[in-house]
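Beneath this line is the structure, given in structure tokens, with notes to follow.
The values are calculated or read from the model by the stated rules, or taken from the named source; none is laboratory data. None of the values given here were measured: they were computed from a predicted structure. Cβ coordinates were reconstructed from backbone atoms using ideal geometry, including for glycine residues, and neighbour counts include every protein chain displayed. For accessibility, only protein heavy atoms count, side chains too; no ligands or nucleic acids. Shrake-Rupley method; radii C 1.70, N 1.55, O 1.52, S 1.80 Å.
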Amino acid sequence: MIVPEKEIKIIRKEFENKNDRIPDKIRLGNHFVDDFIFDGNESFDIPINALRVIFNIISIIGNEQFRPEDRPKQLTLFDEEFETENNTFASIKIKNSKISPSGSSKQVVAAYEFLTKFKMGWYKSLNSKGKEIKTFGGLISIPCYDQRGYTTFLISSYWLKKLLVIPEYNYILYNLVYNIRNNKHIIFAIWLSKLPENGTTLKLSTLNNKFGLNYKSANDFFFKFLKPVKISLEKYNDLSFNYRCRRDLISINPFHTKVVPETTLPKIANVKTDVTRRLNYFKQRYGLKDSDMVQFSYQYRTISQNRELIERSFKEFIRRNRLIRKKSTDFQGKLFLNELQEFMIIEYRKTKVGELIPNGYPNII
């Protein structure tokens, strides 16, 4: 009898929160958020109990998360452990009371059933040696509900990599999924954590689409959705937002709800000043318009590792022009950004994460 390939599963590791430690925050990798919680301009309607499963998975594996830039050896170890054979999995065990504090077995089963079926399919990735590794399933596979109070399940190497290997990530409060019961409020909080400091402006139709809503006017969207979300986040989260509208354009501007300790204020202020000064330098020297600066400024100001990549790429851009005896300022406006983007792609692909995700470089255009 031939066993179908998708039925063969190799278990490499077991995770369990043995000391029942509850973290203040968890790290949500941007690649996971973009691929699992959002799909382009839409978010998936993931039930609150399923979100609790996700938060608890990340809580349990949190000590093993890493950025490839900081711990490149860990990426090699991950490949050796999880990405040498197809259909390789890790086993995770979570208390049922973490998913349904009320003790409802129906809620627990429904949460795991959703995550088993959601995005079920074949997934492919390349390991560091260029070998294609395939796994079949959703985020979790084969959940086993234990009457003694636990559920054990498998998570594939594909999704485990997106949760463990986090070149870019944002913090989110662990208790958010217990303090706030509306799943769309949680998903909004996750989206908010990814916004730049200066916020964003989107059309009502875009926001409706992103959060699976159908409000006819900005006024309805304000009072029936944004206002309740804002109340929830200001009560339970360390990040909230202000909002305003101009016709059908809605601006969302995040702000921290907790006071920053005075000892850190000078350092933060200095970093912000240096970044602003550097952006002004690029704008003036290379003739960048305000419209040219939107994406470039976001990548430079918001994400420190992208700022470092831009600076490395800019040095290579200057070095190349000196070699060919050309003035760097001959490249103005979008022409400069196009040149810099090409150097960024080259520099990005030299990194460990670039080998892992060749097309994951940040876009500045």
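A few points about this structure:
- Shape call, the chain: gyration tensor on alpha carbons, a/c limit 1.5: oblate
- Applying the Karplus relation 6.51 cos²θ - 1.76 cosθ + 1.60 with θ = phi - 60° to the stretch 278-292 yields 3J(HN,Hα) values of 5, 5, 5, 4, 4, 4, 6, 6, 10, x, 7, 7, 4, 5, 6 Hz, where x marks Gly and Pro.
- Summed side-chain charge close to Asp292 - residues other than Asp292 whose Cβ falls under 10 Å, Lys, Arg +1, Asp, Glu -1: +2
- Per-pair calculated FRET efficiency, R0 = 25 Å: Arg285 and Asn338 via Cβ, rounded to 0.05: 0.95
- Two-decimal Rg/Rh across the stretch 302-365, once Rg and the Kirkwood Rh are taken from alpha-carbon atoms: 0.99
- ³J(HN,Hα) computed for each position of the stretch 111-123 - Karplus, 6.51 cos²θ - 1.76 cosθ + 1.60, integer Hz, glycine/proline x: 5, 6, 5, 4, 6, 6, 8, 5, 6, 5, x, 8, 10
- Expressed to the nearest 5 percent, the antiparallel share of DSSP beta bridges inside the chain is 85 percent.
- Extension gain for the segment Lys227 to Thr201, taken as residue separation times 0.36 nm less the Cα-Cα distance, is 7.7 nm to one decimal.
- Annotation note: trypsin sites (Lys or Arg not before Pro) in the stretch 1-103 located in DSSP loop regions with a Cβ neighbour count of at most 13 within 10 Å are Lys18, Arg21.
- For the chain, the fraction of 1.4 Å probe accessible surface lying on carbon and sulfur atoms is 50 percent.
- Calculated accessible area for the chain comes out at 53 Å² per residue, all protein chains present (probe 1.4 Å; ligands, DNA, RNA ignored).
- Length released on extending from Cys144 to Val275, taking residue separation times 0.36 nm less the Cα-Cα span: 42.1 nm
- Cut-off under 5 Å, modelled amide H: who pairs with Ser43 long-range: Phe211, Gly212
- Radius 11 Å from Cβ of Lys13, net charge of other residues (Lys, Arg +1; Asp, Glu -1): -3
- Using a simple spin-label model with pseudo-atoms 7 Å out from Cα toward Cβ, Glu16 and Asn63 lie 1.4 nm apart.
- For Gly333, distant residues with modelled amide H under 5 Å away: Gly287, Leu288
- Taking each residue as 0.36 nm, the span from Thr302 to Asp70 lengthens on full extension beyond its C-alpha to C-alpha distance by 81.6 nm.
- The simple Förster model, with R0 at 45 Å and r as the Cβ-Cβ distance, assigns Leu126 and Asn179 a FRET efficiency of 0.70.
- Couplings 3J(HN,Hα) of the stretch 100-109, computed from phi: 10, x, 7, x, 7, 5, 4, 5, 4, 4 Hz, in residue order, whole Hz [Karplus 6.51 cos²θ - 1.76 cosθ + 1.60, θ = phi - 60°; x for Gly and Pro].
- Using a probe of 1.4 Å on the protein chains alone, the accessible area found for Phe38 is around 10 Å².
- Each of Lys315 and Arg27 was given a label point 7 Å from its Cα along the Cα-to-Cβ line. The distance between the two points is 2.4 nm.
- Net charge of Cβ neighbours under 14 Å - reference Leu192; Lys, Arg +1; Asp, Glu -1: +1
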